Structure formats: C-alpha cells, structure tokens
Amino acid sequence: MKEKELYREEFEKEWRKELRKSIPVKERMKIPRQKMPEREPEERIKYFKEVNLGLTEDQAVEEAKRCLDCANPQCIKGCPVRIDIPTFIKLIEKGKFVEAAKKIKETNSLPAICGRVCPQEIQCEKECTMKKATGVPIAIGNLERFVADYERETGKVDIPEIAPSTGKKVAIIGSGPAGLTVAGELIKKGHQVTIFEALHKPGGVLVYGIPEFRLPKHILNAEIDYLRRMGVEIITDFVVGMTATIEDLKEEGYEAFFIGTGAGLPNFMRIEGENLVGVYSANEYLTRVNLMKAYEFPEYDTPVYKGKRVAVIGGGNVAMDAVRTAKRLGAERAMIIYRRSKAEMPARVEEIKHAEEEGIEFHFLTNPIRYIGDKNNRLIAMECIKMELGEPDASGRRRPIPIKGSEFKMEVDMVVVAIGQSPNPLIPKTTPQIKVGKWGNIEVDWETMQTSMEGVYAGGDIVRGGATVILAMGDGRRAAQSIDRYLKDKR
Amino acid sequence: MFKIIKRENLVPNIHLIKIHAPKIAEKCKPGQFVIIMPDEKGERIPLSIADWDKEEGTITSVFLVVGTSTFKLSRLNAGDSIPSFVGPLGRASEIDNFGTVVCVGGCYGIGAIYPIVKALKEKGNEVITLIDVRSKYLLYWEEKLKKASDEFIVSSRDGSYGFNGYAPEALKDLIQKEKIDRVIVVGCTYLMYKCSETTKPYKIKTTVSLNPIMVDGTGMCGACRVKIGEETKFACVDGPEFDGHSVDWEELFARRKFYFDDEILSLCEWEKRLI
C-alpha cells in the first residue's frame, strides 16, 4: 500500500490543489481530446517512417487540462506498472515536461516505448473517469509519449540516483521489454546487472518484431543507451543454454537470474502446404525486415520476398505489423484473414484504424484450410473456408465454427502466418530443474515471479506465452522487487 | 566484436575462417554450427563448425562463397573483426559405438565432417572417410582427415584422383564390399540426398546435416523448417542432423532456392561497389 500513500501525498500537495481549482471541472470536460498529428496514409505507405508524429507542446498542455485529477484515480489501476498518471499529467499542465518524464521513470524506465505500443484503450484509458463521464478518455498514452520524446529531444535525460554497490551480480537472459525493465530497476538498487542477448542487437521483440513505422529504432536505442549509462552491461551474441548454461553463469558469480526469453517459437496451423516457398511465419518475415533491414535490400544483404497478393493470417498486433509491412513493400493487395469478426480482433484499436486507412483488406470470419503450390513448390493460392461464431470459448470470445461447403480459393503469392507464438524452449530444455507448464511456459509464483529453481525468476512471454510489451514490463517490475529482496536476504 | 585469427583460401571458392571465441570453443561439440555476420549490413549465415581449440579459444569453419555475405567474409583477414558470431547452435551429432561408419564429406563438409570423424574414431568405431570432390584440385585437409580415419577414400567426378565417379557410387561399392552400420553425410544438399537414396535399399541408418536457410538460429523464426516424415522440424534447434531417409528432399531443395534471384542481384550490386 506504500504506492497508494505516495499517490495520495502527491495529490494533496498545494500546487495540485491550486491547479485543480484553476479551471472548473465543467470547463475541463468541454475541451476536446487532442488529435495527434500523423502522416497521410497515401504518403506513409511508401516508406517505413513513423506514422504518428506526436502531440505539440500546446496540444499536450491542452490535453492535460482535460484530466480532472480525480481524488480516487482509476487509471493507475489499469496500468500494469502503476505509473502515477495524474501527477505526470498535472506536471504537463504546469508546463513541467521534464519533471513529468522523471515522474513516469520512477516506475517505468521505457516511457517512449510504452507511449507508442501499449494498448491504452484496454488499460489506463479504459478506467479513466472521463471515459466513463463523456466516453472520451484522456489521451494518456499520447501524453506519456510526448514527455518521453520531449525529455530525449531536449537532451535533458538525467541518470537517476544509483544506490551504493551491493557487489551482487544478476544475470538477465533476454533483452526484450521484460529484461530491460528488470535491468533498469535492479541497477538503481546498486546491483551489478548483465543482460545476455542471443541476437546481435538488444531489444528483443522491440527490435526484431515491431516495425520502424510504429517504433523507430533510434528511440529504442536511446532507451537502451539510457540503461547502459546507468551501468547495465549488455552482452549480445550469447545464447544462454548454448554458449553457457545457468549453472555455468552461477560459477561465474551470478547470484540471481531473470529469464525473459520471450515467445520465440512461431505457431503454425499444421495445414497442407505450410512449408511452401512463399509462406512465412510472422517472426521470420518481421525479423528479416526489422532486424536485418531487408526493406533496404540490396544495401543490406538480407532479402525478403515482396509479395503482390499477400494474405496475413491472424488478427493481433503482429498480424497488423506484418500486413502493413507488406503494403509498404509494394503489395497490390495486402489482406488480413481472420477467423472471427472485427469485434474479437486482439489488435490495438489504433493499429486497426491505421491499417484500414492504408488500404489493408480485411477478410473476417475466414480461415485458410490449405495452401496450394505450383510444380516448383511455390505458393500460388490458398483455399479458405467461411466461419460463423458460436458460443464463447475459454477466452470469452465466441468460438469460430467452419461453415460446411463454403470453401473458396484465393490467389496469393505470399502468406504470413501470425497466429501467435509459444515460449522459446531453449532455456527449459537446457535447464531441466525449471518447471514448465503444459504449453512449454515457465511456471512462476505470480506474486514473486520466482520459478521452481532458487534464485531464478522469469516474466514476460516465456511465462505468459504471447502477451504484450507492458505486461512483460509489469512482470519485470515485480520480479525486480523480488530479486532485490532475495539478494538482500542472502547477504 | 569478434576477432579473426586466420582466413585462408583453401581451394578455389572455399575458405577457412578461424575466430577468437573462447566461450563457444569451451562448449562446442561435433555436428554443431555457428551464425556469423561479415559486417553490420550482412546476413546472418549459419556455418558448420569444422574444428576448435579450447586452449587457444578459437573456432574454425570452412565455407563456400555463394552470396554477398560469404563473399564479404572471404575478403576479411587475420586481425579484422566481425560484429556477430554466435554459438554453438543446434544439437550435437549422435556419437556412439556403431561399428563401421562411413563419413561422407563434400564441399564445405570436407571440413565440417572432421570433428565427427575424430569423435567417432575416439568412440571405437571403424571409420571410413569418403570425400567427394569434382576434381583433385578441390580437395583439402587430406592429411588431417587421413590421420583421423581408419580408411580414407577420395572420389573425384572427373576421375583426376582416387575413385572415378560420384561419391554415392563409391558408397555403394563400400556397402557391397563390407557391413556398414551407419553413414553420416555433410555437404551440399544434392550429395546428402543421393547418399541417402543409395543407403535406403540397404536399410543403413544415414544421418544428414541439413543446411536450410536460417535467420536467428535459435528456433525463433522458423525459416529453417524441414519436413521429416510427417512432421515439420526446425533444423536450427531440432537438427541440423536428421535421418536422411525421412527428409522431404523436394521441399528442402525448393526452400533453399527461395531467394535465388535476390542473391544474384545482391552479389551484382556488391561487385559493382567493389570496382
């Protein structure tokens, strides 16, 4: 409950009281939600530049004024990392942008990323009082993004206070959102933190998965650089489990571990023709384009197929990223094939809207049943079946049921399978002491994020099996608190 | 950054590269591979490990120049550095006492078969090493392999050295002459395919080290999926070695050719920049 008291303390401060009084609630409620400028659809599909352009300073202040600064703010409850949302928004209203950024960073070391990729509409903004009152929540995500960008662009990023060295070494496996969060939290507590990354660049899904037009790499790099400046060591090209095992690292003096190796195992539907030339997993397609920069081929050596009639199977954020990437790489028809209807799509509302604006075709209630190749094993078509929605299933969404006799063929020269990922099996395979669940996910105590192995914690998609950046960061935060406690008790 | 200790042109178009990577040298086992990038803009290329030295902390690979990234790699020298070198990846070869084993190596596989030959011999097998070359001038590591094996045979397709013909034919001769308990093949896809076809009627277990296109090499992307029997496997984590009699070769050949046009375009562009 310590957090709650802190929020209350901020809320009771004199400046906050005055600010609340300065504009009557009725007036605040009249201000329209500020629309973030973005590139025009017909322009942005020609390249990979970021679509959203960020709020202007005036817009940010105006948007901040809409926040009623509730006595019992619900938005914080919707945030997996419990950012003190009202305080940072009111700092924006006062024009104290850098202070606002610092406020966020007390609980979230990656605000420029979260401001861009979090599904705010089902988290903080869903709980916002203004949403309940007027139907239009405060643009919390856009404001978070604004202050993080402001702080970085004005060069006012300060390294926070680092506790005196504890002399304890922590190994973090995987440099995705979970791992980066744990690193940021533990370095502040004075521990010696090393991140081990299998790929040649740090960032995990943020670098290989999320495209440039949604999260520019220079922003990710700035956030990673910030961690490095705090003293985090990042070792790339190191596959824990292969280059060294957790046991080997223990011998090197690491006393605690965090496994954040993500959902690095693509799922396929196991239907006919899935191995045809032209059928990609979303992971491969996006990795080629984002990590290996295939969109700059032949300047970069890694190629990617530039399909003309592209079908992306799935309705999540990864599917949206893949289909919009295909559009940018010259697809004449870039299509989403989704077995449920629009209402059940797990993608962020903004991604769906952007995709629609960019001319992406949506084929709902449709599922592929086989892929058809030519004599050279190259994909030329796919056969689909129409679906209808039945009773809700375990996920609470209505179960799609194939409609008999509704099969039809579609001409496609490229398919991207984006139906989800499973936890990467490398660590569980090479560390049999760690207990895994039915789906290969590492089992943890949800309070502490500890695995069945002492001193070893885990979080993010290796535990959840395909969730979001911010949930991974929430796990990371909890794990960091437990690791800190564990190391202190061990002393 | 990883330091290059040695880079040597062994025979036309085939190079050896030795990299300082003590952690990998500490861990690696026969049959495993590494992923290497020649520079920041290069592809991630999987290379079989041909040798290692724990004391020296080095890994040696032999590679064929086929595209831009391998071409770039062939132009680097001792003292240069590369941005990425990761491993050891994949499962190690199954090393046991099988009896009489034929180890077939061709192309880059003449190097990559070496640690397998050595390990099988140490386990007490009777090891026959059969090396496939198009012509005598493409043979390397002859002495090294001869020393490691009980019997050493070279087959050359132009008849310039040893057996006159293609290695699978020499393999067939061996099978007809004596009892062979196992065959292991490392080299180009066609050689592995042909050897598997040769041993199939005799029901001799034949292991092949597949080389599909890969990106990350840790099971994350699925580019390297291969059909083994009825199942799809990822060569990077489930392999690279599989039962040659269960591989869907037609699919593998097709998948390996996916970027054929792009590879040529890329190479032309790169060569233009060199001039």
Quick one: how many lysine pairs in segment B:7-163 have C-alpha atoms under 13 angstrom apart, if they're 8 or more apart or on different chains? 11
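Test of understanding: what is the full-extension gain from A:K46 to A:E454, defined as 0.36 nm times their sequence separation minus their Cα-Cα distance? Show your work: numbers first, answer last.
Working: separation 408, 0.36 × 408 = 146.88 nm, distance 5.12 nm.
Full extension from A:K46 to A:E454 adds 141.8 nm.
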Assuming R0 = 25 Å, what is the FRET efficiency of A:K13 and A:T134, from their Cβ-Cβ distance, to the nearest 0.05? 0.40
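Over segment B:2-89, what lengths in whole Å, largest first, do the semi-axes of the equivalent ellipsoid take, defined as the square roots of 5 times the eigenvalues of the alpha-carbon gyration tensor? Provide the component values of the computation, followed by the final result.
On the way: eigenvalues 69, 34, 32 Å².
Its equivalent ellipsoid spans semi-axes of 19, 13, 13 Å.
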Can you tell me the orientation of helix B:260-274 relative to chain B, as the angle in degrees between its alpha-carbon axis and the longest Cα principal axis, to the nearest 10? 50 degrees
Rounded to 5, percent antiparallel among DSSP beta bridges of the protein assembly as shown: 50 percent
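Would segment B:100-209 count as rounded, prolate or oblate if I go by the C-alpha gyration tensor, calling it rounded below 1.5 in a/c and otherwise prolate when a/b exceeds b/c, oblate otherwise? Walk me through the numbers on the way to the answer.
Working: a/c = 1.44, a/b = 1.08, b/c = 1.33.
Since a/c stays below 1.5, the shape of segment B:100-209 is classed as rounded.
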Give me the lysines in straight-line cross-link reach of A:K488: C-alpha distance below 18 Å, same-chain residues under 8 apart excluded. A:K168, A:K169, A:K188, A:K189, A:K250
Given charges of +1 on the Cβ of Lys and Arg and -1 on the Cβ of Asp and Glu, with all other atoms neutral, how large is the dipole of segment B:2-89 about its Cα centre, in debye to the nearest 20? 120 debye
So, R0 is 35 Å and r is the distance between the beta-carbons of A:E38 and A:D374; what FRET efficiency does that work out to, to 0.05? 0.30
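Which trypsin sites (Lys or Arg not before Pro) does segment A:381-432 hold that lie in a coil by DSSP with at most 16 other beta carbons within 10 Å?
Numbers: sites: A:K386, A:R397, A:R398, A:K404, A:K409, A:K429; in loops: A:R397, A:K404.
Qualifying residues, ordered by number: A:R397, A:K404.
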Farthest positive-ward along the protein assembly as shown dipole, Cα basis, beta-carbon charges - from A:I313, A:T194, A:T87: A:T87
Give me the inter-chain shielding for A:467-477: mean count of other chain Cβ atoms within 10 Å, whole number please. 0
Note down the magnitude of the dipole of segment B:100-209 about its Cα centre, charges +1 on Lys and Arg C-beta and -1 on Asp and Glu C-beta and zero elsewhere, to the nearest 20 debye. 220 debye
Whole-angstrom gap from segment B:188-245 to segment A:66-109, using each part's C-alpha centre: 54 Å
Using a 10 Å cut-off on Cβ to Cβ distances, tally the other chain neighbours for every residue of B:254-261 and report the average as a whole number. 4
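Per DSSP helix of 4 or more residues, -39500 (n - 2.57); summed, then divided by the residues of the protein assembly as shown. What does that give at 222 nm, rounded to the nearest 500?
Working: 31 runs with 263 residues, N = 766.
One gets -9500 deg cm²/dmol as the mean residue ellipticity at 222 nm.
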For chain A, what is the convex hull volume of the alpha-carbon atoms per residue, in Å³? 160 Å³
What is the Cα centroid distance between segment A:170-240 and segment A:273-291, reported in whole angstrom? 25 Å
Would you mind checking the pairs A:K435/B:K257; A:K105/A:K132; A:K126/A:K293 and listing those with alpha carbons more than 31 angstrom apart? A:K435/B:K257; A:K126/A:K293
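Relative to the present Cα-Cα distance, how much length would full extension add between A:D225 and A:K2 at 0.36 nm per residue of separation?
Working: separation 223, 0.36 × 223 = 80.28 nm, distance 3.05 nm.
Extending this stretch completely gives an extra 77.2 nm.
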Provide Rg over Rh for segment A:422-464; use the alpha carbon set for both Rg and the Kirkwood Rh (inverse mean inverse pair distance). 0.91
Mean per-residue count of partner chain Cβ within 10 Å for A:298-309 equals 6
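For a test of the definition: using alpha carbon positions, the gyration tensor, and the 1.5 limit on a/c, classify segment A:268-419 as rounded, prolate or oblate. Display every interim value, and only then the final one.
Numbers: a/c = 2.02, a/b = 1.34, b/c = 1.51.
In terms of gyration-tensor shape, oblate.
Restricting attention to segment B:137-204, which trypsin sites (Lys or Arg not before Pro) occupy a DSSP loop and are surrounded by at most 13 other Cβ atoms within 10 Å? Walk me through the intermediate numbers first.
Working: sites: B:K144, B:K146, B:K147, B:R157, B:K172, B:K177, B:K179, B:R182, B:K194, B:K203; in loops: B:R157, B:K179, B:K203.
In loop regions of segment B:137-204 (DSSP not H, G, I, E or B), the sparsely surrounded trypsin sites (Lys or Arg not before Pro) are B:K179, B:K203.
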Expressed as a whole number of Å, what is the distance separating the alpha-carbon centroids of segment A:322-346 and segment B:81-122? 43 Å
Sequence neighbours fewer than 8 away in the same chain don't count; with that in mind, list the aspartates and glutamates whose C-alpha is under 17 Å from B:K227. A:E272, A:E274, B:E197, B:D238, B:E241, B:D243, B:D248, B:E250, B:E251
Between B:D39 and A:E233, what is the FRET efficiency for a Förster distance of 22 Å, r being their Cβ-Cβ separation, to the nearest 0.05? 0.35
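Dipole magnitude of the protein assembly as shown about its Cα centre, charges +1 at Lys/Arg Cβ and -1 at Asp/Glu Cβ only, in debye to the nearest 20? Walk me through the numbers before you get to the answer.
Details: 116 positive and 113 negative charges, 252 e Å.
With only Lys, Arg, Asp and Glu charged at Cβ, the dipole is about 1220 debye.
Throughout, read-outs are computed from the coordinates displayed, never taken from laboratory work. This one's a predicted model, so the numbers in the text were calculated from it and none came from an experiment. No Cβ is skipped: glycine too gets one built from the backbone with ideal geometry, and neighbour counts run over all protein chains shown.
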